[in-house]
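Let me begin by presenting the structure, written as structure tokens, before commenting on it.
The numbers here are math on the coordinates, done by the rules we state, and not lab data. Given the structure is predicted, the values throughout are model-derived calculations rather than measurements. FYI the Cβ positions are ideal-geometry reconstructions off the backbone, even for glycines, and counts take in every protein chain you see.
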Amino acid sequence: MKNVKVAGVGLTKFGELWDKTLFDLATDAAMEAINDSGLTINQIEATFVGNMIYGRLSGQDHLGAAIATQAGIKGAGFRVEGACASGGLAVHLAVQSLLSGTYKNVLVVGVEKMTDASISEVTSALMGAGSDAERKAGLTFPGLYALMAKAHMQKYGTTRKHLASVSVKNHYHASLNSKAQFPFEITEEKVLNSPCICSPLSLFDTSPITDGAAALVLTSDTGKPGVYITGSAVATDTVDLASRKSLTEIAGSKEASQKALKQAGIEVKDIKVAEVHDCFTIAEIMAMEDLGFCGEGEGGKYVHSGTTKLGGKLPVNTSGGLKACGHPVGATGVKQIVEITEQLRKTSGKRQVDGANVGLTQNVGGTGGTVVVHILQT
């Protein structure tokens, strides 16, 4: 798969962007990525748009064509939806289009405009990623991930301090990222004393509602050295959390990562930096275990030890993650690849990981009904 190159990247500020429309954000990120690639708009043959909830919030679903034409791009336009993994899934499908030879140069845009709607409207839209039974029970994603956190605590002795260490670390990383929604540090005490959202998860255990866009130009032209996507895999599981064999793992993460690593011809020990789906702090802890960075039940201690902080053995979520960089759901999977690309290009500034030459991204839809894992290498 070394014939899929990340030729260009683009990223808007993440946050409450009242003065920007969804189309403004998508176009800003797209133009930045195209300019970074050195290609012209006329060389882009297809546009893949990752988006989850804009249709529900605005009534406009035809985003593949709408965003492509807004940016002045001709050719094919596709909208891709896979819950909170929509961005990663759009990248995966774009990669397949290049590998098949259908296209040579494509644009991927992940975008979401969430803050224009009310909290109840956004919550209802996000629960489109849940099951009918979960919606009928009145569950939301804080509740679903709280169930997973409780199960992990009971089975492995994971503590609230372990959860808090994820948030503290990711806010530290975000403090070094000018594009982050929350570019400031917080303390463990602040996390532990923040308002309860759904026990054991507090306000600072959860990712925010966010506006933002990220974009990539991918090409099959391998004429020059650069960053390559060498593994791209998707796995699915039941949408309904209660139907899973276990509440303390996301099986799709295990399956997708194993496939992606095999495609890339590497082992998990070769990964130098990772961006994982920390929609809630327990999600990052489970990701450490499911992706094979540590043993089963050891994720809380692994993060708490400082291993995943900048300067540690395996920095994770150097962007600030979903928790502190922000989580515009359709954009997150693309933003993860932007961050890893910049790490491998050695252009991450204060967030730069020494010796970064292999990176991994994990993008999760819902509670794990869809998982997309990518491997990037120089």
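Hey, could you pull the Cα Rg and Dmax for the stretch 98-189, both in Å?
Cα only, the stretch 98-189: 18.8, 53 Å (Rg, Dmax).
Rounded to whole Hz and in sequence order, give me ³J(HN,Hα) for the stretch 217-233 from the Karplus expression 6.51 cos²θ - 1.76 cosθ + 1.60, θ = phi - 60°, writing x for Gly and Pro.
9, 10, 9, 8, 7, 10, x, 10, x, x, 9, 10, 8, 9, x, 8, 9
Would you order Asp278, Asp290, Asp116 from fewest to most other beta-carbon atoms within 10 Å of each residue's own beta-carbon?
Least crowded to most crowded, the residues run Asp116, Asp290, Asp278.
Over the alpha-carbon set of the stretch 31-93, work out the extent along each principal axis and list the three values in angstrom, largest first.
Here the spans come out as 34, 22, 18 Å, largest first.
Residue separation times 0.36 nm, minus the C-alpha to C-alpha distance between Glu296 and Lys346: what's the value?
On the way: separation 50, 0.36 × 50 = 18.00 nm, distance 3.23 nm.
Contour length minus Cα-Cα distance gives 14.8 nm.
Against the 2.2 N^0.38 Å scaling, with N counting residues, where does the stretch 119-278 land? I'd like the Cα-based Rg ratio to two decimal places.
Cα Rg divided by the expected 2.2 N^0.38 Å: 1.22.
Taking only the alpha carbons of the stretch 216-371, what extent do you get along each of the three principal axes, in Å, biggest first?
48, 35, 31
How do 202-208, 192-198, 147-153, 73-79 rank on mean C-beta neighbours within 10 Å, highest first?
202-208, 147-153, 73-79, 192-198
Based solely on C-alpha atoms, express the radius of gyration and the Dmax of the stretch 248-303 in angstrom.
Cα radius of gyration and Dmax of the stretch 248-303 are 10.9, 31 Å respectively.
What does the highest-first list of 262-268, 323-329 look like by mean Cβ count within 10 Å?
323-329, 262-268
Multiply the residue gap between Thr187 and Thr21 by 0.36 nm, knock off their C-alpha separation, and tell me the result in nm, one decimal place.
Numbers: separation 166, 0.36 × 166 = 59.76 nm, distance 3.39 nm.
Extra length from Thr187 to Thr21 when fully extended: 56.4 nm.
Most exposed first by the Cβ proxy, i.e. fewest other Cβ within 10 Å, how do Ile229, Ile41, Ile271 rank?
Ile41, Ile271, Ile229
How large is the helix-only mean residue ellipticity at 222 nm for the chain, computed as the sum of -39500 (n - 2.57) over DSSP H runs with n ≥ 4, divided by its residue count, in deg cm²/dmol to the nearest 500? Intermediate values should be presented prior to the final figure.
On the way: 14 runs with 140 residues, N = 378.
After summing the helix terms and dividing by the residues of the chain, the value is -11000 deg cm²/dmol.
What is the Cα centroid distance between the stretch 16-46 and the stretch 203-273, reported in whole angstrom?
Spelled out, the Cα-based centre of one part sits 23 Å from the other.
Counting other C-beta atoms within 10 Å, which of Leu247, Leu376 has the fewest, and how do the rest follow?
Leu247, Leu376
Would you calculate the volume per residue, in Å³, of the smallest convex hull containing every Cα atom of the chain? Could you put the intermediate results ahead of the total?
On the way: hull volume 44.8 nm³, N = 378.
Convex hull volume per residue, Cα atoms: 118 Å³.
Net charge near Val49, counting Lys/Arg +1 and Asp/Glu -1 over other residues with Cβ under 12 Å of its Cβ?
Taking every Cβ under 12 Å from that of Val49, the sum is -2.
Show the residues, 5+ positions off or on another chain, whose built amide H is closer than 5 Å to the amide H of Val80.
Val49, Gly50, Asn51
Would you please give the residues with an amide H less than 5 Å from that of Thr230, counting only those at least 5 places away or on a separate chain, with H modeled from the backbone geometry?
Those qualifying (amide H under 5 Å, at least 5 residues apart or on another chain) are Ile375, Leu376, Gln377.
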